[in-house]
Every structure is written in C-alpha cells, then in structure tokens.
Amino acid sequence: MSDTLLVVNCGSSSLKLAVFSRDMQRQAQILAERLGTSDSSASIERKGQRQTLQLPDNSDHQQALTAVIEHLEQEAILEGAPLVIGHRVVHGGETFREATRIDQHVADAIHRCGELAPLHNPVNLNGIRAMQSLYPDTPQIAVFDTAFHQTLPDHAYLYALPRRCYQDWGVRRYGFHGTSHAYILRELAKKLDKPRSNVSLISAHLGNGCSVAAIENGQSRDTSMGLTPLEGLVMGTRSGDVDPGLFDFLQRKGLSQDSISRMLNQESGLLGLSGKTNDMRSLVQAADSGNRAAQEAIDVFCFRLARYIGAMMASLSHLDGLVFTGGIGENSPRVRAKTVRHLRLLGFEVDDAKNENHGQDNNGSINAAGHGIYVIPTDEEGMIAREALEAIDRSSD
Ligand code: ADP
C-alpha cells in the first residue's frame with residue numbers, strides 16, 4: 001500500500017480526481033469530461049505540466065476511472081493501492097453528519113438519499129463501486145456536501161409547509177457546499193489563531209453554484225441552499241429563489257414539469273439574465289463594453305448576495321469575518337465591492353486597493369473598517385482528503 005490519498009468526484013458527465021501525498025501535497029489533478037460520448041478525454045495536470053489522455057468511446061464512469069487509474073499507475077503517480085480514497089457524495093440526508101467509511105449499509109443509505117438528489121447520488125455511487133472493484137482492500141470514505149449543515153437549528157431547516165412533508169418525505173432545508181464552508185472555517189480560524197469552536201463567520205462560496213453559510217462558533221447555523229442546490233443565490237445557470245407561485249403560472253402557460261426544471265436549473269441565473277453566458281469573467285468584460293443585460297446580471301447577482309449576507313446576520317451573535325471564496329469570490333474585485341456596497345448599514349466596508357489585489361498583501365483581508373472581510377481560496381479536494389484521513393483514524397479508534 002502506498003502513502004497516497006485519492007479524491008474522486010463523479011459528476012453526471014465528468015469525473016475529477018486529485019492525488020495527494022500523506023503530508024497533503026497535491027501530486028496531480030485529473031479532469032475527465034464528456035463521458036458517454038465519442039469525444040471523451042481526460043486532462044492530467046502534474047507539477048505544472050498538462051497531458052491529455054484519450055478515453056475509450058462512450059466510456060461510462062467505471063471505464064473512465066479504470067483508464068485513468070491505469071495511466072496514473074503507468075506514470076508512477078500512483079504506486080500501489082492508495083492509503084485511502086475519499087469520495088464526494090452530494091446528499092447525505094439526515095443520516096450522515098460526518099465523513100463515513102463506506103460499507104454495504106452506508107452504500108445502501110447513500111442510495112436511499114438519492115431520492116433527494118437523483119442527478120448526483122447515483123453517479124457518486126457509480127464512482128464508489130468502480131473504485132471498490134479496482135482497490136477492494138482500500139478504505140473508501142464518503143464525504144457529504146450536506147454533512148456540515150446537519151447542525152442547522154430546526155427554525156433554520158424547517159419550511160413552513162404541512163408537517164407531513166418533513167415527516168413523511170424528508171422535505172427540509174439540507175444545505176450544500178458543506179466541504180467548502182468547513183474548509184473556509186478552518187482557514188479563517190488559522191488566520192485568526194483561534195480555535196474553530198470560537199470562530200463565527202459568513203462564508204460566501206461563489207462558483208458556478210453559489211451559497212452562503214452562517215457559521216456560529218464553528219457550527220453551521222443557516223445557509224442559502226435548501227432541499228436541493230437550487231434555492232438561494234443567483235448562480236451560473238440556476239435561478240436561486242423564485243416565487244413558488246411561478247410553477248403554477250408556467251404550467252398554466254403550457255410548460256411541462258421537465259421544461260420548468262430545465263429552465264430553473266440550466267437556463268436561468270447569470271446565463272438567463274444576460275442571455276449570453278454563465279461565466280462571470282465574460283460578463284464583466286461584456287458589461288465594460290456597454291452590454292446592458294450583462295451589467296444587469298451582475299447587479300442582480302450582487303444584490304441577491306448582499307440580501308443573503310444580511311439575512312445570515314440573524315443567526316450570529318458575533319462576527320469574525322465575511323469570507324469570499326470560489327472562482328468568483330476569489331477572483332472578482334467587482335463582485336465583492338458591489339456586494340459590500342449594499343451592506344454599509346450593517347458595518348461592512350471594502351478597502352479598494354486591498355480588494356483589487358484580492359488581499360494578497362494583507363493575509364487575505366480586504367476591509368477598510370468595520371467587520372473583517374477576507375478572500376480565502378477554497379480547496380474542496382484537499383478538504384475531502386483530510387476528512388477521509390480523519391475518518392479512517394476515527395473508524396480505527
Ligand atoms: P465550479 O463551481 O465549477 O468549481 P469555479 O469555482 O471555478 O466553478 O468558479 C467559476 C466561476 O468563476 C465562473 O463564473 C468564472 O467566470 C468565475 N471567475 C474565474 N475567474 C474570474 C475572474 N478573474 N473574474 C471574474 N470571475 C471569474
């Protein structure tokens with residue numbers, strides 16, 4: 001057995017892997033895309049060098065994983081079975097409060113939670129089964145997007161629906177991006193040199209999916225995503241919050257349930273508003289060249305985000321910092337400044353110069369006065385590797 005840690009993240013048509021050494025140094029990063037087509041390939045990044053591996057036509061997750069692992073072994077990136085394999089699993093329902101070693105009972109429970117995440121859990125399980133057959137003796141750990149939010153109080157997770165919706169069907173707010181929010185908590189605690197259990201923050205994860213979380217004394221107390229990752233902020237292609245009356249309205253206009261679902265998940269958000277792209281960097285460029293719809297998309301994104309940051313304050317008794325992370329949060333001074341401008345009354349103020357260089361000369365800090373505001377790059381894969389290691393330590397106690 002080697003000293004390597006492997007992280008596997010299976011999406012619907014993609015596959016991400018990361019290889020870490022025991023001391024948490026990232027050794028390689030693999031992204032396989034367009035699985036299930038005749039054009040699937042994997043890009044492998046190692047020590048600043050990039051290689052492309054052509055995958056067999058119409059590869060499913062199992063075939064793609066087998067081909068990638070074979071390549072990693074040939075290139076001596078993997079030497080023997082990994083020490084542990086951490087799998088990203090989107091939905092753990094109320095069953096999983098922490099990363100958990102996978103046995104048949106756990107796999108069955110992940111399957112049952114698939115009712116709440118039909119697009120995600122089944123593919124996550126495919127990845128788990130594929131890795132179990134490749135490395136039957138290696139501990140496989142499930143790290144859940146929802147687990148960190150299992151500390152939400154009932155007033156934050158209950159919807160105002162008839163009780164039976166929760167009791168019979170599990171309809172409640174679960175929250176997602178837990179791995180990223182938990183990582184941000186760790187990093188802020190390190191920066192402030194405080195134990196995590198004393199740190200309170202608002203974490204804004206802004207990537208293609210976006211969510212904010214209120215973390216009070218190291219525990220998640222509120223978050224913007226709900227039963228599914230569609231609730232809350234404006235995202236790349238997801239609408240975030242809409243009036244629930246919209247469903248009726250659109251059905252009366254003749255739209256099917258599938259087309260409404262597609263609209264809200266894949267055709268809305270920044271893409272829907274701009275009519276152009278879901279990519280924030282391109283939107284900023286388009287807005288600068290006078291594209292009004294692109295400017296409006298950015299405006300709506302920032303305003304909704306500011307509203308949610310304001311709402312998160314209701315869950316906190318003190319605040320150590322507001323943290324921006326994810327591709328947009330880490331890289332867009334425009335979005336950070338515009339969002340914080342809405343929050344003056346709550347005591348947030350950005351320092352323009354620090355914000356422009358992402359706080360790099362100030363240990364991530366970008367506030368002028370008032371509450372701390374930070375830019376902290378997230379590392380979901382590194383966090384999954386760490387949680388997987390901690391879980392095998394726990395399971396061998
Ligand atoms: P994912 O959720 O898929 O992991 P990322 O966290 O990589 O996504 O975030 C992708 C988003 O980050 C895209 O909207 C992209 O345009 C945005 N982004 C990356 N760099 C910049 C930048 N310099 N300015 C504005 N947005 C950026």
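The values are calculated or read from the model by the stated rules, or taken from the named source; none is laboratory data. Keep in mind the model is a prediction, meaning the values are calculated, not measured. In this analysis, Cβ positions are derived from the backbone assuming ideal geometry, glycine residues included, and neighbour counts consider all displayed protein chains. Accessible surface is based on the protein model in full, side chains and every heavy atom, while ligands, DNA and RNA are left aside. Shrake-Rupley method; radii C 1.70, N 1.55, O 1.52, S 1.80 Å.
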Next item on the list: Would you check which residues across region 330-365 are in a loop (DSSP other than H, G, I, E, B), free of Cβ contacts under 8 Å to residues at least 40 places away in the same chain and away from the ligand (no atom under 13 Å from the Cβ) and list them?
Entry: Leu343, Gly347, Asp351, Gly359
Next item on the list: Take Val199 and decide whether it is open to solvent by less than 10 Å² (accessible area, probe 1.4 Å), within 20 Å of Glu380 (Cβ to Cβ), more than 16 Å from the ligand (Cβ to nearest atom) and β-branched (Val, Ile, Thr).
Entry: yes
Check: Yes or no: Gly80 in a loop (DSSP other than H, G, I, E, B) and under 17 Å from Met383 (Cβ atoms)?
Finding: no
Notebook entry, point to check: Asp243 versus (1) open to solvent by 30 Å² or more (accessible area, probe 1.4 Å); (2) in a loop (DSSP other than H, G, I, E, B); (3) in contact (Cβ under 8 Å) with a residue 40 or more places away in the chain; (4) away from the ligand (no atom under 16 Å from the Cβ): which is the lone unmet condition?
Noted result: (3)
Check: Give me the pairs: first residue in region 204-225 and on the phi > 0 side of the Ramachandran plot, second residue modelled with pLDDT of 95 or more and more than 12 Å from the ligand (Cβ to nearest atom), beta-carbon distance under 7 Å, and six or more apart or on different chains, which are they?
Finding: Asn217/Ser197; Asn217/Asn198; Asn217/Ser200; Gly218/Leu185; Gly218/Arg196; Gly218/Ser197; Gly218/Val199
Checklist line | Sole residue being within 18 Å of the chain's Cα centre (by Cα), surrounded by fewer than 22 Cβ atoms within 10 Å (Cβ to Cβ) and either of a type in the set (D, E, K, R) or not in a helix (DSSP H, G or I) (or both), chosen from Arg173, Arg164, Arg129 | finding: Arg173
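This table checks each residue for (1) in a helix (DSSP H, G or I); (2) more than 16 Å from the ligand (Cβ to nearest atom); (3) over 25 Å from Ser12 (Cβ atoms).
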site: Leu271; (1), (2), (3): yes, no, no
site: Lys276; (1), (2), (3): no, no, no
site: Ser282; (1), (2), (3): yes, no, no
site: Gln285; (1), (2), (3): yes, no, yes
site: Ile298; (1), (2), (3): yes, no, yes
site: Phe301; (1), (2), (3): yes, no, no
site: Arg304; (1), (2), (3): yes, no, yes
site: Arg307; (1), (2), (3): yes, yes, yes
site: Leu319; (1), (2), (3): no, yes, yes
Margin query: Would you confirm whether or not region 43-53 contains a residue that is of a type in the set (D, E, K, R), modelled with pLDDT under 95, touching a strand residue (DSSP E or B) at 6+ places or on another chain (Cβ under 6 Å) and under 23 Å from Phe144 (Cβ atoms)?
Written below: no
Notebook entry, point to check: In region 42-62, which residues are assigned to a helix (DSSP H, G or I) and crowded, with 17+ Cβ neighbours inside 10 Å?
Noted result: His61
Notebook entry, point to check: For region 217-229, how many residues meet the condition of being surrounded by 21 or more Cβ atoms within 10 Å (Cβ to Cβ), more than 16 Å from the ligand (Cβ to nearest atom) and among the small types (Gly, Ala, Ser)?
Noted result: 1
Checklist line | Residue in region 252-271 that is buried (at least 23 other Cβ atoms within 10 Å of the Cβ) and either out of contact with any strand residue (DSSP E or B) (no Cβ under 9 Å at 6 or more places or on another chain) or not acidic (Asp, Glu) (or both) present | finding: yes
Next item on the list: Scan (1) modelled with pLDDT under 95; (2) assigned to a helix (DSSP H, G or I) for the single condition Ile110 breaks and write down its number.
Entry: (1)
Next item on the list: Output the number of residues of region 20-50 satisfying the condition of being more than 16 Å from Ile69 (Cβ to Cβ) and among the aliphatic types (A, V, I, L, M).
Entry: 1
Next item on the list: Output the number of residues of region 132-149 satisfying the condition of being among the acidic types (Asp, Glu) and either open to solvent by 20 Å² or more (accessible area, probe 1.4 Å) or over 18 Å from Gly11 (Cα atoms) (or both).
Entry: 1
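One line per residue, one yes/no per condition, for (1) under 19 Å from Thr325 (Cα atoms); (2) at pLDDT 95 or above; (3) within 16 Å of the ligand (Cβ to nearest atom):
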{"site": "Ala142", "(1), (2), (3)": "no, yes, no"}
{"site": "His149", "(1), (2), (3)": "yes, yes, no"}
{"site": "Cys165", "(1), (2), (3)": "no, yes, no"}
{"site": "His177", "(1), (2), (3)": "yes, yes, yes"}
{"site": "Ser180", "(1), (2), (3)": "yes, yes, yes"}
{"site": "Lys190", "(1), (2), (3)": "yes, yes, no"}
{"site": "Asp193", "(1), (2), (3)": "no, yes, no"}
{"site": "Asn208", "(1), (2), (3)": "yes, no, yes"}
{"site": "Ile215", "(1), (2), (3)": "yes, yes, no"}
Check: Only one of (1) within 13 Å of the ligand (Cβ to nearest atom); (2) touching a helix residue (DSSP H, G or I) at 6+ places or on another chain (Cβ under 7 Å) is not met by Gly232, so which one is it?
Finding: (1)
Item checked: Verdict on Asp352 being under 29 Å from Arg307 (Cα atoms) and of a type outside the set (A, V, I, L, M, F, W, C) -> yes
Check: Among the candidates Thr95, Thr52, which residue alone is over 16 Å from Val19 (Cβ atoms), among the β-branched types (Val, Ile, Thr) and in contact with a helix residue (DSSP H, G or I) (Cβ under 8 Å, 6 or more places away or on another chain)?
Finding: Thr95
Next item on the list: Check whether at least one residue in region 43-65 is touching a residue at least 60 places away in the same chain (Cβ under 8 Å) and out of contact with any Cys (no Cβ under 9 Å at 6 or more places or on another chain), and report yes or no.
Entry: yes
